[in-house]
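Working notes, structure below.
The values are calculated or read from the model by the stated rules, or taken from the named source; none is laboratory data. Quick caveat: nothing in here was measured; it's all calculated off a predicted structure. As a convention, Cβ positions derive from the backbone with ideal geometry for all residues, glycine included, and neighbour counts pool all protein chains shown. Keep in mind that these areas ignore ligands, DNA and RNA; they rest on the heavy atoms of the full protein, side chains included. Shrake-Rupley method; radii C 1.70, N 1.55, O 1.52, S 1.80 Å.
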Amino acid sequence: MAQEVKGVVARAKGEPVEVHTIVVPDPGPGEAVVRVQACGVCHTDLHYREGGIGDDFPFLLGHEAAGTVESVGEGVDGLAPGDFVILNWRAVCGRCRACERGRPWYCFATRNAAQRMTLTDGTELSAALGIGAFAEKTLVAAGQCTKVDPAVSPAVAGLLGCGVMAGIGAAVNTGGVGRGDSVAVIGCGGVGTAAVAGAALAGAARVIAVDLDDRKLRTARGLGATHTVNPSETDPVQAIRDLTGGHGADVVIDAVGRPETYEQAFYARDLAGTVVLVGVPVPGMRLDLPLLDVFGRGGALKSSWYGDCLPSRDFPMLVDLHLQGRLDLAAFVTETIGLGDVEEAFDRMRSGDVLRSVVVL
């Protein structure tokens, strides 16, 4: 039987979000209903509210979540009521050309629930990133549920569902950071700070955090940065070069996603270094680089989508590292809030006052 629960809805572009009663249908074939325990407030949710991702309003926001499986539909294997899971928005299909070539993190046919949740008047909701977890319960494809050790706090675990995984993965998976490498991360919000932590976890000898906000730089130091640079005080490209023997960093991660920060990343890397773009640009942004410089510097220019992660591989591993005391995921949680506090959390996120606000249900 369909259930009525509370959820956070963006009804129109640019309008404040509101808590509404939503209808969650019983899971159909290949689907699961999850009782949400915690969900982080991510910039992507704000992009949805502002119409930056699409105009299929109203949106049921929230996607960086963890919770407990309540029920599963027909044909679901390996997932049962009571399982503690992190929700992911890249449920791989196993059959597309990327999956068949052994690169499932590039899956070209990821799955979402076939049914839609609705408002009580029948208006269909578009679930953010196919999840919609600013809600007491949500309906997802079963493949979007990744089982992890239930000993972890839901407020901590949920962050792996998006921002923290994107940052750690940008360093470890996409950037291929290894022991002894030098790494620079431009932009130390939630994703960038996670990239700092990922670089440190991978054994980088030098991790340089770059941000205009000294508060964020202090947090980055606590999560593994060996050096910090404030671009309001010094040229970041020159500073990174000075800290790497004049050569530039082996890996430079742009966690901002603007043409000017990408250009800084490009020129702050070593001649055969790697640039990783994990910050999300907005439509209309363009990049202008001399093609001769692209040719003459070698190395690699990469983009990182969801940290090139494979949830079934990466989520349990990172949770285990956290539980072992080797990865301080709790440091990313600045505050816990309720469903009715999401709009105010957007304001605090814009001002840089929080690393992550987390809705706890």
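Just one of LEU327, LEU301 is open to solvent by 70 Å² or more (accessible area, probe 1.4 Å) and either in a helix (DSSP H, G or I) or farther than 14 Å from GLY192 by Cα (or both); which is it? Spell out the reasoning first.
Details: LEU327 fails: open to solvent by 70 Å² or more (accessible area, probe 1.4 Å).
Result: LEU301 is the single residue among LEU327, LEU301 that is open to solvent by 70 Å² or more (accessible area, probe 1.4 Å) and either in a helix (DSSP H, G or I) or farther than 14 Å from GLY192 by Cα (or both).
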Test: residue in segment 69-84 that is under 26 Å from PRO281 (Cα atoms) and touching a strand residue (DSSP E or B) at 6+ places or on another chain (Cβ under 7 Å): no
Out of (1) out of contact with any Asp or Glu (no Cβ under 9 Å at 6 or more places or on another chain); (2) touching a residue at least 60 places away in the same chain (Cβ under 8 Å); (3) closer than 18 Å to VAL278 by Cα, the one ASP213 does not meet is (3)
Conditions first: (1) among the hydrophobic types (A, V, I, L, M, F, W, C); (2) out of contact with any strand residue (DSSP E or B) (no Cβ under 6 Å at 6 or more places or on another chain); (3) crowded, with 23+ Cβ neighbours inside 10 Å. LEU60 passes all but one, so which condition is the exception? (2)
Scanning segment 280-305 residue by residue, those at pLDDT below 95, within 19 Å of ALA170 (Cβ to Cβ) and of a type outside the set (A, V, I, L, M) turn out to be PRO281, GLY299, TRP305
Which of the following residues is open to solvent by 50 Å² or more (accessible area, probe 1.4 Å) and either in a helix (DSSP H, G or I) or polar (S, T, N, Q) (or both): ASP320, ASP314, ASP288? ASP320
Please indicate, with yes or no, whether at least one residue in segment 40-52 is closer than 26 Å to GLU335 by Cα, free of Cβ contacts under 8 Å to residues at least 40 places away in the same chain and open to solvent by 30 Å² or more (accessible area, probe 1.4 Å). yes
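Quick one: which residue in GLY187, GLY132, GLY169 is more than 18 Å from ALA265 (Cα to Cα) and in contact (Cβ under 8 Å) with a residue 24 or more places away in the chain?
Details: GLY187 fails: more than 18 Å from ALA265 (Cα to Cα); GLY169 fails: more than 18 Å from ALA265 (Cα to Cα).
Only one candidate passes the filter, namely GLY132.
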